[in-house]
Amino acid sequence: MSQEQDNQILAELVRDYLRSQNKSRKWGLLFRLVKYTVVITLLLVVFADGEGQRGMDKPHGDHVALIDIEGPIASNELASADNIIGSLRAAMETKHSLAVILRINSPGGSPVQAGYVYEEIKRLRGLYPEKKIYAVITDMGASAAYYIAAAADEIYADQASIVGSIGVTMGSFSPASFGFTEAMKKLGIERRLITSGESKSLLDPFSPQKEADTSHFKQLLSEIHQQFIERVMSGRGNRLQPSKEMFTGLFWTGNQAQVLGLIDGLGSSAYVARDIIGNDNLFDYTQRPGVFERFSEQFGAGVAQALIRAGAGDAVELR
């Protein structure tokens, strides 16, 4: 065997060794990451912060129940119907809760989720007539958030709060919000769409807009809008001062909303508890995910990405 062949064999052995070491180092780092993450997770479970423990605490004595409705109202958000309704039921069923304050700061969201909450508030008010439910709007109580507020016995807001927006719109980033047909023509792109029904391509952004489809969609929005209006009028009753603009989707400051009858007065949650209800002992019933739940979601995504990277690295090495 020649010296050159010996050198080639030696070089190949060195490369194999280095690849093996690199592979072992990668998997070792990954396993250490998983090990440390599990330890941290267990510590978080044992020493969960106050937010995660809130649901385990018990109120002492007479108090006012506080429920936060914050952010978008949607099934996959903190302000989902399930979370709000669960909080409401717990607050109303508690013997020593004198009343409930819904502290709202939301731009709106799903009319379906808002409808669920609206009906549950009405039902609970019937079951517990001695306990009033107050809505207090902080920065914003618009659209679906006001939909929910309209079910309360009384609504309060700050003079600078944004209130109203009683209207319905198609999602800003839904496919039907854009049309690309002209751009496709300029780029020479042909749309090939096969459906089993004439309306399966309703408002497809890559096909020419059809008047019949647009008309149908407007009818749907109009019906949902009418449902919204009826709920507001039912909830607010003769306190409303209806105008042409009230149900157009416009919104107002707290001062203006009071004149229109959209709210009953100006004040914060503390003001309502102290001066309207007569008890300033607030207890938070808001259902929130604990620290462990939040961490688990992030950890799951992180481990999946780490495994993908490790696998991709090995594939490159073996090539």
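Pairs from the list 218/244; 58/132; 122/210 with a Cα-Cα gap above 30 Å: 122/210.
Take the Kirkwood radius over Cα pairs of region 50-289, plug it into Stokes-Einstein at 10 °C and 1.306 mPa s, and you get 81 µm²/s for translational diffusion.
The numbers here are math on the coordinates, done by the rules we state, and not lab data. Small disclaimer: the values here were computed from a predicted structure and weren't measured.
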